[in-house]
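Trainee: Below you'll find the structure I mean.
The values are calculated or read from the model by the stated rules, or taken from the named source; none is laboratory data. These figures come from a predicted structure and were not determined experimentally. For neighbour counting, all protein chains shown are included, and Cβ atoms are generated from backbone atoms with ideal geometry for every residue, glycine included. Just the protein is used for accessible areas: all its heavy atoms, side chains included, with ligands, DNA and RNA removed. Shrake-Rupley method; radii C 1.70, N 1.55, O 1.52, S 1.80 Å.
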Amino acid sequence: MDASRYRKWTHFSITDALPGRAWGTGKIGLGGFTGNGRLDVAVSRREPQTAYWFERTDDGTWVRHVIGQSEHLARTLGAAVLDIDHDGWLDIAFSRVWFRNPGCLADDPDAPWEAVPYDGGGHDIVAAGINGDGHAHQTPEAARAMVRYYTAARIKEALQEAEAAGITTPIVSRMRTSRQAVG
């Protein structure tokens with residue numbers, strides 16, 4: 001096989017500048033957020049505490065949309081794209097907050113994404129199948145020489161804790177793989 005054909009790369013710019021005046025861009029997440037088969041890009045910014053997604057219409061055209069805001073984005077670096085709530089749409093998790101894909105982005109790309117805080121954070125976030133149950137699990141905290149992952153048992157415990165505390169938005173930790181995810 002002739003590998004020389006793989007040596008030429010074409011540079012495509014998604015955006016010239018991101019909002020905010022200070023440094024602090026979180027990890028990039030890749031996935032098909034609209035379900036149209038095209039790869040989209042998500043990124044968070046620390047200084048405006050905002051997450052964005054870029055809708056790919058073709059290689060040279062990317063349209064920026066707001067995912068949402070959270071004070072947790074001021075300290076986040078990691079990100080993982082996966083279907084957290086098992087509704088068939090790719091969501092995105094950052095350190096201590098994940099955003100629920102509204103599922104209507106093909107028709108309404110500026111639809112709001114619900115921000116859902118959760119008890120888990122760290123430098124990096126990875127989504128991977130860990131225990132053979134067919135689901136991806138979130139593994140934050142890698143930078144602190146401690147790796148944790150969240151399973152169905154933790155979901156039940158988190159839901160009970162949330163209910164006892166009067167919280168109506170549950171903390172969801174178990175995450176399912178998706179054919180749309182890239183990684």
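Trainee: Just for the Cα atoms in the stretch 26-123, what are the lengths along the principal axes, largest first, rounded to whole Å?
Mentor: 34, 29, 19
Trainee: If you don't mind, there's one more thing I want to ask. Modelled label-to-label distance, Arg21 and Asp87, 7 Å Cα→beta-carbon offset: nm?
Mentor: 3.7
Trainee: Given a Förster distance of 35 Å, report the FRET efficiency between Asp119 and Glu47 from their Cβ-Cβ distance, rounded to the nearest 0.05.
Mentor: Once rounded, the FRET efficiency stands at 0.90.
Trainee: Please work out the FRET efficiency for the pair Arg38 and Tyr6, using the Cβ-Cβ distance as r and a Förster radius of 22 Å; give the result to the nearest 0.05.
Mentor: Step by step, r from the Cβ atoms, then E = 0.45.
Trainee: Residues of the stretch 1-73: accessible area per residue at 1.4 Å, in Å²?
Mentor: Normalised by residue count, the accessible surface of the stretch 1-73 is 63 Å².
Trainee: When you count, for each residue, the other Cβ atoms within 10 Å and take the mean per peptide, how do 61-70, 6-15 rank with the highest first?
Mentor: Ranked by mean Cβ neighbours within 10 Å, highest first: 61-70, 6-15.
Trainee: While we're on this one: Hey, any idea what Rg/Rh is for the stretch 1-61, computing Rh the Kirkwood way over Cα pairs?
Mentor: Checking Rg against Rh, the ratio lands at 1.08.
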